[in-house]
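The values are calculated or read from the model by the stated rules, or taken from the named source; none is laboratory data. Everything numeric in this text was worked out from a predicted model, so none of it was measured. In this analysis, Cβ positions are derived from the backbone assuming ideal geometry, glycine residues included, and neighbour counts consider all displayed protein chains.
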Amino acid sequence: MTYLLAGDIGGTKTLLRLDRTKLATDPTFIKSYHSQAYPNLAAIVTEFIAAAQTQLGTKIEIESACLGIAGAVVNGASYLPNLDWQINAEGLAAALGIPTLELINDFTAIGYGITQLQSADLHTLQTGQIRERAPIAIIGAGTGLGQGLLVHNGREYQVVATEGGHADFAARSIQEFDLVRYLCDRKQLDRISNERIISGSGIVAIYQFLRDTSNLSENSDIATVVQLWESQPETAVDPAGAISAMAIAKTDPLAQATMQMFVSAYGAEAGNLALRTLPYGGLFVAGGIAIKNIPLIADGTFLKEFNHKGRVSNLLTDIPVHVILNPQVGLLGAVAQAARLGVKL
């Protein structure tokens, strides 16, 4: 029996999924792997197919595959520096015996996945006035900051990849100018990109800035986590989760100020993306940070800064704004693309 194979390949976790038919709403078989425990992606996929055959009691033949990669994909190849993996679509397809296999950037996969989402997968911040076939924009903070666009070609939406997360950060206040100066000095940089601030590491950077420049006292529990991360950034637990948890619980003023500044910058950059693309099909906020911080994203700060665009603010109030609650949206996108590839065979 033939199947579609989809994957979400990250530096920490690899999630693979089999679907029996293009119309199936539930996966036939799905399994997660710890990426760093394997020498390469082919080893994981081989083990996955063997496990699927045992579970399903049938020989697995892959008709087509699409794998979302947490890294740039150039000419069908990608390098994952955190794993020291070189992945080549043609070589991987040959090694696994798959007729058609495509590698796409993980944010491109999210773009394809948006069209597969249900209402329960979304938390709406602004209802807006949706326009048929209008552009759709995506922004997502996580390890970095992804941005993308979907445009309608008359038949379907196509994903346009961007590197907007690496565009220059636009400071909007004296405090943000001071933050930029602080990061340039601390990190020996001559420019600050959006994802230096609007990302998981950006949360920590804002925390360090406020700790070192404000009169807010530091909670001893978070201080321990941050200091360990500062001394051992490659192995210590990222403090961003602890900072945001304290902010949501409203038990630490420094953490609350950090997340207020982070969410404000996040909303402002989402508004910048909306001005550049006028996505009346909707602007979607993706990524684990948004999912884990819904109380902070939805408290009004994000949307206030999204819409705060001076003389053209009225252009944004009609744009639907949603937070994606489904953490597997990228995997859904890879499934949809694998189905398209199967049709072309």
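Which condition breaks for ASP299 when tested against (1) assigned by TED's automatic domain parsing to the domain that holds ALA89; (2) outside any helix (DSSP H, G or I); (3) among the charged types (D, E, K, R)?
(1)
Filter region 237-251 down to the residues that are outside any loop (DSSP other than H, G, I, E, B), touching a helix residue (DSSP H, G or I) at 6+ places or on another chain (Cβ under 7 Å) and free of Cβ contacts under 8 Å to residues at least 24 places away in the same chain and list them by number.
First, pick out the residues of region 237-251 that are outside any loop (DSSP other than H, G, I, E, B): 240-249.
Now narrow it down to the ones that are touching a helix residue (DSSP H, G or I) at 6+ places or on another chain (Cβ under 7 Å): 240, 242-244, 246-248.
Once the filter is applied, which keeps residues that are outside any loop (DSSP other than H, G, I, E, B), touching a helix residue (DSSP H, G or I) at 6+ places or on another chain (Cβ under 7 Å) and free of Cβ contacts under 8 Å to residues at least 24 places away in the same chain, region 237-251 yields only ALA242.
Is it the case that some residue within region 274-285 is in contact with a Gly (Cβ under 6 Å, 6 or more places away or on another chain) and not in a helix (DSSP H, G or I)? Step through it out loud before you land on a result.
Here is the first cut: in region 274-285, the ones in contact with a Gly (Cβ under 6 Å, 6 or more places away or on another chain) are none.
No; the residues of region 274-285 include none that is in contact with a Gly (Cβ under 6 Å, 6 or more places away or on another chain) and not in a helix (DSSP H, G or I).
Considering (1) at pLDDT below 95; (2) more than 29 Å from ARG155 (Cβ to Cβ), say which one LYS304 fails and leave the rest.
(1)
Filter region 124-162 down to the residues that are in a strand (DSSP E or B), over 16 Å from the mean Cα position of the chain (by Cα) and closer than 23 Å to GLU269 by Cβ and list them by number.
THR124, LEU125, GLN126, VAL151, TYR157
ALA245 - would you say it is closer than 18 Å to GLU305 by Cα and either in the same structural domain as PHE306 (by TED's automatic domain parsing) or among the basic types (Lys, Arg) (or both)? I'd like the intermediate steps shown before the answer.
Values: closer than 18 Å to GLU305 by Cα: no; either in the same structural domain as PHE306 (by TED's automatic domain parsing) or among the basic types (Lys, Arg) (or both): yes.
Here the answer is no, as ALA245 does not meet what is asked.
Can you report the number of residues in region 100-129 which are hydrophobic (A, V, I, L, M, F, W, C) and in contact with an Asp or Glu (Cβ under 9 Å, 6 or more places away or on another chain)? Please lay out each step first, then the result.
Taking region 100-129 first, the residues hydrophobic (A, V, I, L, M, F, W, C) are 101, 103-104, 107, 109-110, 114, 117, 120, 122, 125.
Narrowing the set further to residues that are in contact with an Asp or Glu (Cβ under 9 Å, 6 or more places away or on another chain) leaves 101, 109.
Here the count works out to 2.
Would you mind stating whether GLU90 is among the charged types (D, E, K, R) and surrounded by 13 or more Cβ atoms within 10 Å (Cβ to Cβ)? Before you say what the answer is, go through the steps one by one.
On the way: among the charged types (D, E, K, R): yes; surrounded by 13 or more Cβ atoms within 10 Å (Cβ to Cβ): no.
The answer is no for GLU90.
Pull out all pairs, ordered by first then second residue, where Cβ-Cβ is under 7 Å, the residues are six or more apart or on different chains, the first lies in region 268-286 and is under 25 Å from GLU176 (Cα atoms), and the second is polar (S, T, N, Q) and modelled with pLDDT of 95 or more.
Going by the 7 Å Cβ cut-off, the qualifying pairs are GLU269/ASN194; GLY271/ASN307.
Of the residues VAL323, VAL312, which single one is of a type in the set (Val, Ile, Thr) and over 24 Å from SER201 (Cα atoms)? Outline the logic, then answer.
On the way: VAL323 fails: over 24 Å from SER201 (Cα atoms).
It is VAL312.
Looking at (1) surrounded by fewer than 21 Cβ atoms within 10 Å (Cβ to Cβ); (2) touching a residue at least 60 places away in the same chain (Cβ under 8 Å); (3) out of contact with any Lys or Arg (no Cβ under 8 Å at 6 or more places or on another chain), which is the one condition that is false for SER119?
So SER119 meets the others, but not (2).
Answer yes or no as to whether ASP221 is in contact with a helix residue (DSSP H, G or I) (Cβ under 9 Å, 6 or more places away or on another chain), within 20 Å of GLY140 (Cα to Cα) and at pLDDT below 95. Outline the logic, then answer.
Values: in contact with a helix residue (DSSP H, G or I) (Cβ under 9 Å, 6 or more places away or on another chain): yes; within 20 Å of GLY140 (Cα to Cα): no; at pLDDT below 95: yes.
Judged against the criteria, ASP221 is not a match.
So which of GLU218, GLU234, GLU269 is charged (D, E, K, R), assigned by TED's automatic domain parsing to the domain that holds ALA171 and part of a helix (DSSP H, G or I)? Walk me through how you get there before you give the answer.
Values: GLU218 fails: part of a helix (DSSP H, G or I); GLU234 fails: part of a helix (DSSP H, G or I).
Matching residue, one of GLU218, GLU234, GLU269: GLU269.
Taking the conditions exactly as written (outside the structural domain of LEU149 (by TED's automatic domain parsing), out of contact with any Pro (no Cβ under 7 Å at 6 or more places or on another chain) and surrounded by 20 or more Cβ atoms within 10 Å (Cβ to Cβ)), does GLY333 satisfy them or not?
Details: outside the structural domain of LEU149 (by TED's automatic domain parsing): yes; out of contact with any Pro (no Cβ under 7 Å at 6 or more places or on another chain): yes; surrounded by 20 or more Cβ atoms within 10 Å (Cβ to Cβ): yes.
Yes; evaluated as a whole, the condition is true for this residue.
When residues of region 147-181 are filtered for being among the hydroxyl-bearing types (Ser, Thr, Tyr) and exposed (fewer than 14 other Cβ atoms within 10 Å of the Cβ), how many remain?
So in region 147-181, the residues among the hydroxyl-bearing types (Ser, Thr, Tyr) come out as 157, 162, 173.
After this cut, where a residue has to be exposed (fewer than 14 other Cβ atoms within 10 Å of the Cβ) as well, the list is 173.
Residues that pass the stated criteria total 1.
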